[in-house]
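**Q** My questions will all concern the structure given below.
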Amino acid sequence: MDTYTTWFRDGIPAAVPPWKGYAAFNFVGGNIDPEMVAIDDLAEKAAAAMRKHGRAMAFYNMGDGPLGFGLLRDRVAERMNRTRGTNVTRDNVLITSGSGQGLDLLNQSMVGEGDTVIMEQHTYSAAATRLKKLGATILPAPLDSEGIDIDRLRQTLQALATKGVRPRFIFTIPTVQNPTGSILPLERRHQLIDLARNFGVPIIEDECYSELTFGVERPPSIYSLAPDVTIYVGSFSKTISPAIRLGYIIAAPEIVRQVAALKSDSGTSAMTQALVAEFLDDGYDSHIRRVSDALIHKLEVITAAVNREFGTSVEVERPTGGLFIWLTFPEGFDTRRLTAAADKQGIIFNAGADWSVGADAGLRNLRLCFAHLPEKVLEDGVAALAQVCFEEAGFPERGANSVRQ
Ligand SMILES: Cc1ncc(COP(=O)(O)O)c(C=O)c1O
């Protein structure tokens with residue numbers, strides 16, 4: 001008998017390694033604070049969901065068709081209309097198993113080998129990886145501290161148009177950008193929409209972190225301003241739980257039904273859909289406020305630790321919300337230089353180059369997720385990272401301020 005490896009076709013990814021648990025100072029991923037999982041509320045809503053909707057679980061998709069549980073779609077639409085300025089109904093909503101599945105469905109239905117797509121220069125790495133796997137050419141939209149630099153995006157679109165290339169879409173995370181934490185101002189949203197209309201390129205708007213803002217106003221969603229050129233992707237991963245696997249796409253009904261045709265999982269979990277439908281009806285708003293307040297506190301802790309440990313050698317821009325800080329190291333430095341030595345000390349981080357598209361983008365950046373770690377671990381982890389940096393690169397200078405009790 002051949003080994004198992006011969007059972008698999010060529011060209012598939014390497015097997016996942018055996019799970020060894022998280023590193024001591026695990027700054028990667030988009031996990032949330034375990035203390036912020038709304039255990040009591042969710043337990044109560046799960047019981048209510050089962051009592052109210054249990055019989056519908058006898059049917060695939062709870063008998064509501066391939067777009068997902070109707071009541072959840074109503075409540076997602078209602079919430080979007082109330083908080084994100086849209087005017088949608090359940091017919092505009094496709095429920096997905098996490099927004100990652102939503103992105104996969106959009107990619108599969110919109111992008112083929114050799115197609116061009118535009119992504120923000122620093123972006124959600126898994127979104128870029130997925131598109132690369134499909135053989136897409138990814139062009140960066142340069143960013144500044146407020147998000148997409150519209151003039152430079154216009155130049156890119158013009159250059160492509162001259163060559164007869166029309167990108168399949170512009171992928172943007174405009175409200176609490178991952179990884180930079182910026183919010184695209186209203187005026188730029190309008191300018192982006194003008195570009196999308198003029199060049200005939202749809203916008204995919206990913207609002208994964210948008211509800212978790214730190215006391216700043218959010219402009220209306222791009223979808224609400226231009227439903228004719230926008231597809232919206234949302235998620236409950238960062239507000240309720242990443243493990244719950246629930247997200248949604250919002251778009252014109254004909255788009256939603258087209259994308260649903262590629263969803264081949266016989267429906268997203270009914271229990272999860274019913275549970276979240278109940279939570280949206282009662283408890284979700286106040287839950288989000290609690291989560292945001294807890295995140296602000298952790299942001300203060302990690303920012304103070306970075307300032308204390310790295311001094312002026314590293315810049316940290318305050319994010320408008322979300323789970324991450326994005327650090328900028330001195331000019332010419334590649335943060336991947338720290339990866340191996342950090343790993344040995346049990347410190348894992350996301351190097352900026354892996355969260356960027358385009359040559360040399362993000363080399364001097366580094367992303368730290370601060371949401372899931374206790375305060376003491378945040379402080380000790382940043383101190384340990386600064387020590388690794390000193391040993392590898394000679395900065396930040398070690399002095400009295402770096403000696404932790
Ligand atoms: C910008 C962005 N979009 C989408 C996702 C996918 O999230 P999920 O599939 O858990 O909804 C993530 C996860 O980190 C993300 O950061």
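The values are calculated or read from the model by the stated rules, or taken from the named source; none is laboratory data. All figures in this text were calculated on a predicted structure; none of them were measured in a lab. Cβ: placed from backbone, ideal geometry, glycine included. Neighbour counts: every protein chain shown.
**Q** For the range 223-234, give me each residue that is within 14 Å of T175 (Cβ to Cβ) and either surrounded by fewer than 24 Cβ atoms within 10 Å (Cβ to Cβ) or in contact with a Leu (Cβ under 7 Å, 6 or more places away or on another chain) (or both).
**A** S224, L225, V233
**Q** Among the numbered criteria (1) within 16 Å of the ligand (Cβ to nearest atom); (2) in contact (Cβ under 8 Å) with a residue 40 or more places away in the chain, which single criterion is violated by D115?
**A** Checking D115 against (1) within 16 Å of the ligand (Cβ to nearest atom); (2) in contact (Cβ under 8 Å) with a residue 40 or more places away in the chain, the one that fails is (1).
**Q** A further question follows. Quick one: would you say D360 is in contact (Cβ under 8 Å) with a residue 24 or more places away in the chain, more than 25 Å from Y209 (Cα to Cα) and charged (D, E, K, R)?
**A** No: the conditions fail for D360.
**Q** Determine whether D293 is within 22 Å of the chain's Cα centre (by Cα), among the acidic types (D, E) and farther than 25 Å from D380 by Cα.
**A** It is false that D293 is within 22 Å of the chain's Cα centre (by Cα), among the acidic types (D, E) and farther than 25 Å from D380 by Cα.
**Q** Examine the range 144-158 for a residue that is in contact with a Ser or Thr (Cβ under 6 Å, 6 or more places away or on another chain) and among the aliphatic types (A, V, I, L, M), and state whether such a residue exists.
**A** no
**Q** Report, by residue number, each residue of the range 300-322 that is of a type in the set (A, V, I, L, M) and touching a strand residue (DSSP E or B) at 6+ places or on another chain (Cβ under 7 Å).
**A** I302, V306, V314, V316
**Q** Here's a follow-up. Could you list all residues from the range 208-217 that are modelled with pLDDT of 95 or more and either within 16 Å of the ligand (Cβ to nearest atom) or surrounded by 20 or more Cβ atoms within 10 Å (Cβ to Cβ) (or both)?
**A** Those that are modelled with pLDDT of 95 or more and either within 16 Å of the ligand (Cβ to nearest atom) or surrounded by 20 or more Cβ atoms within 10 Å (Cβ to Cβ) (or both): Y209, S210, E211, L212, T213.
**Q** If you don't mind, there's one more thing I want to ask. I'm checking my understanding of the structure. Among residues of the range 186-210 that are without any contact (Cβ under 8 Å) to a residue 40 or more places away in the chain and of a type in the set (D, E, K, R), which one is farthest from P220 (Cα to Cα)?
**A** The selected residue is R197.
**Q** Here is a follow-up. Return yes or no: is E205 within 16 Å of the ligand (Cβ to nearest atom), of a type outside the set (V, I, T) and assigned to a strand (DSSP E or B)?
**A** So E205 passes the test.
**Q** Let me ask something else. Out of everything in the range 127-153 that is β-branched (V, I, T) and outside any strand (DSSP E or B), what residue ends up being surrounded by the most Cβ atoms within 10 Å (Cβ to Cβ)?
**A** I150
**Q** Would you be able to tell me the number of residues in the range 124-140 that are within 12 Å of the ligand (Cβ to nearest atom), within 21 Å of T156 (Cα to Cα) and in contact with a helix residue (DSSP H, G or I) (Cβ under 7 Å, 6 or more places away or on another chain)?
**A** Residues that pass the stated criteria total 1.
**Q** Further, regarding this structure: Are any residues in the range 85-109 within 16 Å of the ligand (Cβ to nearest atom) and more than 21 Å from S266 (Cβ to Cβ), and if so, which ones?
**A** none
**Q** Taking the range 1-14 on its own, how many of its residues are farther than 30 Å from Q345 by Cβ and part of a loop (DSSP other than H, G, I, E, B)?
**A** Selection size over the range 1-14: 8.
**Q** Here is a follow-up. Among the listed residues V76, V28, identify the single one that is surrounded by 11 or more Cβ atoms within 10 Å (Cβ to Cβ), over 20 Å from Y248 (Cβ atoms) and touching a residue at least 24 places away in the same chain (Cβ under 8 Å).
**A** V28
**Q** I've got another one for you. Condition (residue is under 20 Å from G100 (Cβ atoms), surrounded by fewer than 21 Cβ atoms within 10 Å (Cβ to Cβ) and of a type outside the set (K, R)) applied to the range 181-191: is it met by at least one residue?
**A** Within the range 181-191, not a single residue is under 20 Å from G100 (Cβ atoms), surrounded by fewer than 21 Cβ atoms within 10 Å (Cβ to Cβ) and of a type outside the set (K, R).
**Q** Quick check: anything in the range 159-174 more than 14 Å from the ligand (Cβ to nearest atom), surrounded by fewer than 24 Cβ atoms within 10 Å (Cβ to Cβ), modelled with pLDDT of 95 or more and within 18 Å of V93 (Cα to Cα)?
**A** There is no residue in the range 159-174 that is more than 14 Å from the ligand (Cβ to nearest atom), surrounded by fewer than 24 Cβ atoms within 10 Å (Cβ to Cβ), modelled with pLDDT of 95 or more and within 18 Å of V93 (Cα to Cα).
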